[in-house]
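Every read-out reported here was derived from the displayed coordinates using simple, explicitly stated rules and does not represent laboratory data. Model, not experiment: these values are computed from the prediction. Ideal geometry is used to build each Cβ from the backbone, glycine not excepted, and the neighbour counts take in all protein chains shown.
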Amino acid sequence: MPIALTDNGNFLLKDGKLTAAQNPPLQYFKSEVRCIQETYAVDPTFGRNVLVWNLSQSVGDRCSDLYRIGEKYMPVKSVTYDSELQEYNIQV
């Protein structure tokens, strides 16, 4: 079982000990897209489309890419963009 991570990518501890992830597919999905939200530096080994995130300004292209990544791990209901917060919201 994989080690649980917080949304910031840090190990999740309980009573000073590492814990197991409760929903590994969701954690894998979050880990892969975390760099897109600029929490972490861009890593070209992630499954995202580097051209979309480095060259394209199209929100539609980026939502499609997030949807494609998510489908590798679990069914994705929707991917939307909040222009006020400048965040992509993923519903699984």
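Amide H contacts under 5 Å for Tyr81: Asn89, restricted to partners 5 or more places along the chain or on a different chain, H placed in the peptide plane at 1.01 Å from N. Among the GluC sites (Glu not before Pro) in the stretch 62-92, those located in a DSSP loop and surrounded by at most 16 other Cβ atoms within 10 Å of their own Cβ are Glu84. Loop-located trypsin sites (Lys or Arg not before Pro) across the stretch 43-92 with a Cβ neighbour count of 10 or fewer within 10 Å are Lys77, with loop assigned by DSSP. Partner lysines whose Cα lies under 29 Å from the Cα of Lys77, excluding those fewer than 8 positions away in the same chain, are identified as Lys30.
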